[in-house]
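Throughout, read-outs are computed from the coordinates displayed, never taken from laboratory work. No experiment lies behind these values; they were computed from the predicted model shown. Cβ placement follows ideal geometry from the backbone for every residue including glycine, while neighbour counts extend to all protein chains displayed.
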Amino acid sequence: MDMFYVAVELRRRPELVGKPVVVGGDGARGVVAAASYEARRFGVFSAMSSAQARRRCPEAIFLPGDQNLYSEVSADVFDVFHEFTPLVEGLSLDEAFLDVTGAMKLFGNGFHIASEIRRRVREETQLECSVGVASSKFIAKLASKAAKPRATADSVEAGAGVVEVLPGDELAFLRPLKVGMLWGVGPVTLEKLQRLGVTTVEELARFDLRTLQTMIGQAHGQHLHDLANARDDRPVVADGDAKSIGHEETFSDDIYSREEVKTHLVRLADSVARRCRSEGVSPRTCTIKLKFSDFRVITRSRTSVTPLSSAQAMIRLVEPALDDIDFQEGVRLVGFSTRNFSEPTSQASLFDDTAGANEASDLDAAWADATSAIDEIRQRFGSSAIRPASTLNTDREPGSSPWGPSRPPTGRSSDSQ
């Protein structure tokens, strides 16, 4: 998808079309999630700090983002993908691989299918996407980048929309590209390759493999050498069940106490548990994530003997993990996630109460009826109709904007705007 988060926002804010728009947190700790091509002309890109983005483009218009809306629109886009093939491997909300080999007799060749996908996405969502067509995942991804619009210092140039690399033309397509475009070439690897005099894919393809492996490692060297020579036989793997479900948030000001951290964990867990129930899964493992003021990150996981459905049981499971953590240096980010899923069950234990269930499992059973009632209330009156009492001091929807707060810090506070 082309500048997906920004494009979704422009759909409901058409007066901002053609302006430098940034989605992300605009506070001192904010991060750019997406930038319009007009903003990219000034060197603003995703993952950049919002402070740096403002320095590069003082006229940028910052929007806080709406992760829930982006997820809904993404589902609409993926519905279009599944009209053409069941073999859809999602990379993120706005990117996927499609294996259309089995659909060509029905829909035509790869270029025609790509064009139809673009038309259907535009028709269903009023958004634009760029499609790369090739015989491998790696080449198709690079072709999709080549199909996108391009921001230059003077203007925004329209993209081709679809770029196809025919079988046999892969090397001719790859050779002129900068080596930094290869999967697995980050800043450290790029610096090592440049010291070797390798700047293009063609130079890497011709470089001695053993020397390359000595410099960057055997497996990594083999991987990059294969890609540079257009060798990529990985299949498209259709999406399965979610591996994890979670939310995390960055705060305007550090928080310094166990009680404040727990309050935010309760809010996040309430939303995560609701998402799990809506997807018909129950986790056994819950994880908390804390990032401190010095950017040190710790995680703590706990696993229940039975699957859990209620936020109350999930918090009870992980709460003891907070006991040995020193919060005095300040916490800037709190996250809560779940994994190890199974289908929900209310089956009684075959063992007695103490031998077959832990405290979290017992609490989950006790909250079963209340949890169902809470879901019914929210379905009828909206997500904010009922929530834990300790979360009433903030109107921010958990996970709605994970790219940092949108207000400047004002001192110690537990408020996450």
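Counting only Cα, what are the radius of gyration and maximum Cα-Cα distance Dmax of the chain, in Å?
Computed over the Cα atoms of the chain, radius of gyration and Dmax are 24.1, 73 Å.
Along the Cα→Cβ direction, 7 angstrom out, place labels at residue 296 and residue 59. What is the inter-label distance in nm?
4.5 nm
Could you give the length gained on full extension between residue 210 and residue 123, defined as 0.36 nm per residue of separation minus the Cα-Cα distance, in nm?
Length gained between residue 210 and residue 123: 26.2 nm.
Based on the mean of other Cβ atoms within 10 Å per residue, sort peptides 333-340, 152-159 so the most packed one is first.
Packing proxy ranking, top to bottom: 333-340, 152-159.
Using amide H atoms built in the peptide plane, which far-off residues or other-chain residues are under 5 Å from residue 325 H to H?
Amide H neighbours of residue 325, under 5 Å, 5+ apart: none.
Can you sort 232, 169 so the residue with the fewest Cβ neighbours within 10 Å comes first?
Placing the least packed residue first, the sequence is 169, 232.
Modelling each spin label as a point 7 Å along the Cα-to-Cβ direction, I'd like the residue 258/residue 107 distance in nm, to one decimal.
5.5 nm
Kindly put 82, 223, 247 in sequence by how many other C-beta atoms sit within 10 Å of each C-beta, fewest to most.
82, 223, 247
Summarise the long-distance tail of P(r) for region 171-228 by giving the % of C-alpha pairs beyond 16 Å.
Counting pairs separated by more than 16 Å, the tail of P(r) holds 29 percent.
Based on the Cα atoms of region 283-325, what semi-axes does the equivalent ellipsoid have, where each is the square root of 5 times one gyration tensor eigenvalue, given in whole Å with the largest first?
23, 10, 8
Under a Cβ-Cβ cut-off of 10 Å, what is the net charge of the residues other than residue 318 that fall near it, where Lys and Arg count +1 and Asp and Glu count -1?
Its environment carries a net charge of +3.
Tell me, 291, 148, 105 in order of fewest to most beta-carbon neighbours within 10 Å?
Ordered from fewest to most neighbouring Cβ atoms within 10 Å, 291, 148, 105 come out as 105, 291, 148.
Between residue 385 and residue 238, 0.36 nm times their residue separation minus their Cα-Cα distance comes to what?
49.2 nm
Compute, for the chain, the length of the dipole vector about the Cα centre, with Cβ point charges of +1 (Lys, Arg) and -1 (Asp, Glu) only. Units Debye, rounded to 20.
Result for the chain is approximately 1200 debye, rounded to the nearest 20.
Restricting to DSSP loop positions (anything but H, G, I, E, B) with no more than 11 other Cβ atoms inside 10 Å of their own Cβ, which GluC sites (Glu not before Pro) remain in region 1-59?
Passing sites in region 1-59 are 59.
Once phi is turned into ³J(HN,Hα) by the Karplus curve 6.51 cos²θ - 1.76 cosθ + 1.60 with θ = phi - 60°, what whole-Hz value does each residue of region 58-66 show in order, with x for glycine and proline?
x, 8, 4, 9, 8, 10, x, x, 9
If Lys and Arg each add +1 and Asp and Glu each add -1, what is the summed charge of the other residues whose beta carbon sits under 10 Å from the beta carbon of residue 233?
+1
Quick check: pseudo-label points 7 Å beyond the Cα along Cα→Cβ at residue 328 and residue 199, how many nm apart are they?
Calculated label separation equals 5.3 nm.
Can you show me the helix-derived [θ] at 222 nm for the chain, built from DSSP H runs with n ≥ 4 at -39,500 (n - 2.57) apiece and divided by the number of residues, rounded to the nearest 500.
Only helices count here, giving -11000 deg cm²/dmol.
Going by average Cβ neighbours within 10 Å, how do the peptides 277-288, 114-125 rank, with the highest at the top?
Taking the mean over residues of other Cβ atoms within 10 Å, the ranking is 277-288, 114-125.
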